[in-house]
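Structure first, then comments.
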Amino acid sequence: MTTTNKIALVTGGSRGLGKNMALQLAQKGTDIIITYNSNKTAADEVVAAVQQLGRKAAALQLNTGDIKSFDAFCTALSSTLQSTFNASRFDFLINNAGIGMHALIADTSEEVFDELNNIHFKGVFFLTQKTLPLMNDGGRIINLSSGLARFSMPGFAAYGAMKAGIETLTRYMAKELGSRGIAANVVAPGAIETDFGGGRVRDNADMNKMVASITALGRAGVPDDIGGVVAFLCSEEGRWVNGQRIEVSGGMNL
Ligand code: NDP
């Protein structure tokens, strides 16, 4: 079965950056499947907004840290592709879902480390592995890293190290999947005003000011700064970008 429109799967598409990616991809003519962890209402609103833009959309529940659930997720994904999109495969995998956790090395428990690792590293590895059979050749993978993989701030050791791991993993994906025409790249945002980490960058005036002061363009980022870069990497114009880390931070800590 074939489909004329490209289809993107955006994890954590119910809020923040993933929501913006879904909307900007839809504006460029891409059909959208988002996942959410617990916030079904927000996910349904994103689906409605994508449909308003004239594109097909669906939302699926997925805890990206629960690796054992991925087989069942792929079954649900497959049947949604058939029922909503009249397709058997999708084109773009955006590994975006994530949580913010602030803890010094001295205070990071093994439980917190494992949760971060499951969501930010192990989950990305195995969700990509499990969904690859459902991805069209010629597709794209975009993995989300962070400015914190390049520069260091106290409290983000485990998170930053896992995001650094994602950057290496992405180069391996690009290498191994090139034979299928699949390009893999990293988008590494700077500090962006979302709910992430308790919404500190958006809601804490001192934090927001501090971020602006270390950013060449003089302000904290907003979701709309990010989604278009992901949409570009999934576009025909972005087809020759492969195995790259693109930092989208307004020039943080240059
Ligand atoms: P938000 O907190 O705004 O949104 C998080 C999204 O991820 C929601 O859709 C949420 O779903 C989903 N999610 C959270 N936990 C899980 C889970 N266990 N399984 C599946 N989905 C989950 O975060 P952002 O949009 O800001 O962050 C998106 C990505 O960008 C993350 O990978 C983050 O590390 C990265 N990033 C963010 C930066 C920032 O400053 N905001 C900076 C650099 C990188 P639900 O609504 O159901 O809870």
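The values are calculated or read from the model by the stated rules, or taken from the named source; none is laboratory data. In this text, all values refer to a predicted model and were calculated from it rather than measured experimentally. Every residue, glycine as well, gets a Cβ built from its backbone with ideal geometry; the counts of neighbours run over all protein chains shown. All accessible areas refer to the heavy atoms of the entire protein, side chains included, with ligands and DNA or RNA removed. Shrake-Rupley method; radii C 1.70, N 1.55, O 1.52, S 1.80 Å.
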If you take the square roots of the eigenvalues of the alpha-carbon gyration tensor of the stretch 21-80 and sort them as a ≥ b ≥ c, do you get rounded (a/c under 1.5), prolate (a/b over b/c) or oblate?
prolate
If you average 1/r across every pair of different Cα atoms in the chain and take the reciprocal, what Kirkwood value do you get, in Å?
18.2 Å
Under 1.5 on a/c is rounded, so check that first for the stretch 129-254, then, if it is not, pick prolate when a/b is larger than b/c and oblate when it is not; a ≥ b ≥ c are the square roots of the alpha carbon gyration tensor eigenvalues.
prolate
Between Asn253 and Asp66, take the C-beta separation as r, use R0 = 51 Å, and let me know the FRET efficiency to the nearest 0.05.
0.90
When the charge dipole of the stretch 195-254 is computed with +1 on Lys and Arg Cβ and -1 on Asp and Glu Cβ about the Cα centre, the Cα farthest towards its positive end, among Asn242, Ile226, Asn204, belongs to Asn204
If you take the beta carbon distance between Ser109 and Ala48 as r and set R0 to 35 Å, what does 1/(1 + (r/R0)^6) give as a FRET efficiency, to the nearest 0.05?
0.35
Round to the nearest 10 and give me the degree value, 0 to 90, for the angle of helix 70-85's Cα axis relative to the longest principal axis of the chain.
60 degrees
Averaged per residue, what accessible area in Å² does the chain show with a 1.4 Å probe, protein chains only?
47 Å²
Angle, helix 157-177 long axis vs. longest principal axis of the chain, Cα atoms, 0 to 90°, nearest 10?
30 degrees
In terms of modelled amide H atoms, which long-range or inter-chain residues lie less than 5 Å from the amide H of Ala184?
Ile141, Ala174, Gly243
Relative to a virtual label point 7 Å from the Cα of His102 in the Cα→beta-carbon direction, which members of the stretch 122-166 show backbone nitrogen distances below 15 Å?
148, 153-160
Which percent of the accessible heavy-atom area of the chain goes to carbon and sulfur, probe 1.4 angstrom?
52 percent
Once the Cβ-Cβ distance between Asn5 and Asn39 is put in as r, and R0 is 35 Å, what FRET efficiency do you end up with, to the nearest 0.05?
0.85
Karplus-derived 3J(HN,Hα) from phi for the stretch 216-229 (6.51 cos²θ - 1.76 cosθ + 1.60, θ = phi - 60°), whole Hz, x at Gly and Pro, runs 4, 7, x, 7, 6, x, 10, x, 5, 6, 9, x, x, 5
Across Lys19, Lys68, Lys163, the residue with the highest GNM fluctuation in the chain (Cα network, 10 Å cutoff) is Lys68
Note the count of lysine pairs whose C-alpha atoms are less than 25 angstrom apart in the stretch 1-141, limited to pairs 8 or more residues apart or on different chains.
20
